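Asks: Here you go, one structure.
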Amino acid sequence: MSIWNKMVTALRGGAHEVGETLLDSQALRILDQEIRDADAELRRSKEALAEIMAKQKLAAVEVKKYQDKIAEYERYTLQALDADNEDLAKEVAGKIANLEGLLAESESQTNSYATSVEQLRKAVIQTEAHIKRMKQQADTVRATENVQKAQMAVSKSYGGSQARMHTALESLERIKKQQAERAAKMEASNELANLEDADAQLEHKLRDAGIIPDAYSADSVLARLKNKKTADE
């Protein structure tokens, strides 16, 4: 190997050592920044949770409104049947069918919001627990570093410095593992949502093809109310 190649190799080795030393000295600062980032994400998650909960409450109000309207128009239909006004009864039954379709959509939306709220609430709780552990670990690492610095000042040894580096890097690895787990959970949630959407689309196609009967048509509502009227008589 020429002198020039040896000099280049030596410079590369020195740069690598400087880089490692700089990273080791910043390990706690990196850990603190990761904790601050996690806190910020947690705040955003809580805001999203509050927004979804508000939408869930509004959707529940819509469900109650449609239920009340359906009950009101069912009374009107029965009164029209009592008056032997078949045309009016069917017209009102059509209105009921439309309301029942809207009710089904609102109930589905409410259930979807409820599922999202439950999942997000669990994620918030888990994130809070992770951040608490991270902060505890950071405090432990910081306390250990202070003790080791005191030991180094007395003994002038390098063992304490290596122990601090190892402890800080372990903390960073734990953070990376937690991030990977959260990413995997989010991916699984997205896959589940896509599967539910595919099932809904398939059911819609089957309904359009006439394979699955439409429970919210005017004829089906009118037939049901006629049966109810006959049973009451």
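Asks: Which one of these is assigned to a helix (DSSP H, G or I), modelled with pLDDT of 80 or more, under 28 Å from Leu192 (Cβ atoms) and basic (Lys, Arg): Lys135, Lys122?
Replies: Exactly one residue qualifies, and that residue is Lys122.
Asks: Among Thr115, Thr140, Thr127, Thr110, which is the only one that is touching a Ser or Thr at 6+ places or on another chain (Cβ under 7 Å) and not charged (D, E, K, R)?
Replies: None of the others qualify; the one that does is Thr127.
Asks: For the range 81-101: of the residues being not in a helix (DSSP H, G or I) and not small (Gly, Ala, Ser), which is most open to solvent (accessible area, probe 1.4 Å)?
Replies: Ranking the qualifying residues of the range 81-101, first place goes to Asp84.
Asks: Let me ask you something else. Being of a type in the set (S, T, N, Q), modelled with pLDDT under 80, out of contact with any Gly (no Cβ under 7 Å at 6 or more places or on another chain) and loosely packed, with under 12 Cβ neighbours inside 10 Å: is that true of Ser161 here?
Replies: In short, no.
Asks: Given the conditions (1) under 30 Å from Ala168 (Cβ atoms); (2) open to solvent by 40 Å² or more (accessible area, probe 1.4 Å), and given that Gln148 satisfies all but one, which numbered condition is not satisfied?
Replies: Among (1) under 30 Å from Ala168 (Cβ atoms); (2) open to solvent by 40 Å² or more (accessible area, probe 1.4 Å), Gln148 violates only (2).
Asks: Which number in (1) touching a residue at least 40 places away in the same chain (Cβ under 8 Å); (2) farther than 26 Å from Lys229 by Cβ marks the one condition that Glu118 misses?
Replies: Status for Glu118: all satisfied but (1).
The values are calculated or read from the model by the stated rules, or taken from the named source; none is laboratory data. Keep in mind that this is a model prediction, so the values were computed, not measured. Methodologically, a virtual Cβ is constructed for each residue, glycine included, from the backbone with ideal geometry; neighbour enumeration extends over all protein chains shown. We work out accessible area using only protein heavy atoms, side chains counted, and drop any ligands, DNA or RNA first. Shrake-Rupley method; radii C 1.70, N 1.55, O 1.52, S 1.80 Å.
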